[in-house]
Amino acid sequence: MRFRFVARWCALAGLAGALGVAAPAASQPSHRLPECKPGRASTKAPTRPAGNSAPKACRAAARVLESGVRMDAVRNTPSGYHHLGAGTGNEWSGVFGRLSVVDSAVRRNTYDFVASRFMVKRDLGNGRIAWLEAGWAETGWAGQARQRIYTFNTNTNSWQFYDQYQLRPGDRVWLDIHTDSDNVWQAWLWWNNRWNLLTAQKLPIGSSAYVEQYVEVHVDSGRPARLKVPPVTVDNVQLRPADRGPARYWREDVDTLTGGAARERTGGFCLDWITHYDTWTAGDC
């Protein structure tokens, strides 16, 4: 991820007071899915792919906290940034996998953050990139240093925090981002043993996109410190082929881009590949 991607995290001036309430972001109706009922993090793995036709599929029901700071108002802050993971060198129609949730040493009222997420993106040229990401994040500027499910998309250029899903350290959450034949990109969370639609966005990236899987750590450049991040585990990562064939594990035969050994051991943080590239950990060395 280029440093300009970090910008979406780091404009905190007035952010604590700039969080408003908005309905879940969607560029078209959710196909009349029912609202999701309250529940807890799933302890069972999904048995069917995410989608409107999945058994008991529902849509995020609670109103969503949306950041009032937009991308064009955010400045770059590359200092203290660590980016651990990988991206694909070719295009896919979706990504699916499981992320563990940890309690890190993010400091309140700072630019600190830790996040684990999947992303689909396309470079549109002239410095424009369109993307959708979904995962969990712990930030210093909102959420009282709790871990929270979130999405970000470049249609709204704003964070969506889904506080109806109460995360706890030790939880393992399944997330799915994909598009069907209509090119609407959807982000789904497996929660309460059913697929919950977080957002659906008609993005200008077509029917396939480049995929990323990352753990990100950022330290407030104005308040240098050493953040402690228990290792986050990412596993069961699968890719959906652009030709709509069956999903497959992200293995060594997938064209994959990494930062190399130097970026996998930097700033006291380590990326350890257990199976290239569908099972790995990242956090304190």
Return the residues of region 221-243 that are in contact with an Asp or Glu (Cβ under 7 Å, 6 or more places away or on another chain), part of a loop (DSSP other than H, G, I, E, B) and closer than 25 Å to D272 by Cα; say none if nothing qualifies. L227, K228, V229, P230, P231
Taking V64, is it closer than 21 Å to T199 by Cβ, at pLDDT below 95, in contact with a Leu (Cβ under 9 Å, 6 or more places away or on another chain) and surrounded by 19 or more Cβ atoms within 10 Å (Cβ to Cβ)? yes
Taking region 67-103 as the region of interest, how many residues are at pLDDT 95 or above, within 15 Å of E133 (Cα to Cα) and either among the basic types (K, R) or surrounded by fewer than 20 Cβ atoms within 10 Å (Cβ to Cβ) (or both)? 2
Region 104-130 - residue that is open to solvent by 10 Å² or more (accessible area, probe 1.4 Å), among the hydrophobic types (A, V, I, L, M, F, W, C) and assigned to a strand (DSSP E or B) and, of those, farthest from V237 (Cα to Cα): L124
Only residues that are farther than 19 Å from V217 by Cα and touching a residue at least 40 places away in the same chain (Cβ under 8 Å): list them for region 266-278, please. Y277, D278
If you take the residues of region 173-200 that are of a type in the set (D, E, K, R) and part of a strand (DSSP E or B), which of them is surrounded by the most Cβ atoms within 10 Å (Cβ to Cβ)? D176
Under the condition of being without any contact (Cβ under 8 Å) to a residue 60 or more places away in the chain and not in a strand (DSSP E or B), which residue from region 135-167 is most open to solvent (accessible area, probe 1.4 Å)? Q144
Every pair of residues 6+ apart whose Cβ atoms lie under 6 Å, when the first sits in region 104-119 and is over 17 Å from W131 (Cβ atoms) while the second is open to solvent by 10 Å² or more (accessible area, probe 1.4 Å) and basic (K, R): A105/K228; T110/R223
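Results for (1) of a type in the set (A, V, I, L, M, F, W, C); (2) in a strand (DSSP E or B), shown as yes or no for each residue.
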| site | (1), (2) |
| --- | --- |
| G245 | no, no |
| V254 | yes, no |
| R263 | no, no |
| D272 | no, yes |
Among W159, W136, W174, the single one that is of a type outside the set (S, T, Y) and touching a helix residue (DSSP H, G or I) at 6+ places or on another chain (Cβ under 9 Å) is W159
Exclusive hit being modelled with pLDDT under 95 and exposed (fewer than 15 other Cβ atoms within 10 Å of the Cβ), set G170, G268: G268
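The values are calculated or read from the model by the stated rules, or taken from the named source; none is laboratory data. If you're wondering where the values come from, they're calculated on a predicted model, not measured in any experiment. Positions of Cβ are generated from backbone atoms using ideal geometry, with glycine treated the same way; all protein chains shown enter the neighbour counts. Protein only, heavy atoms only, side chains kept; ligands, DNA and RNA dropped before computing areas. Shrake-Rupley method; radii C 1.70, N 1.55, O 1.52, S 1.80 Å.
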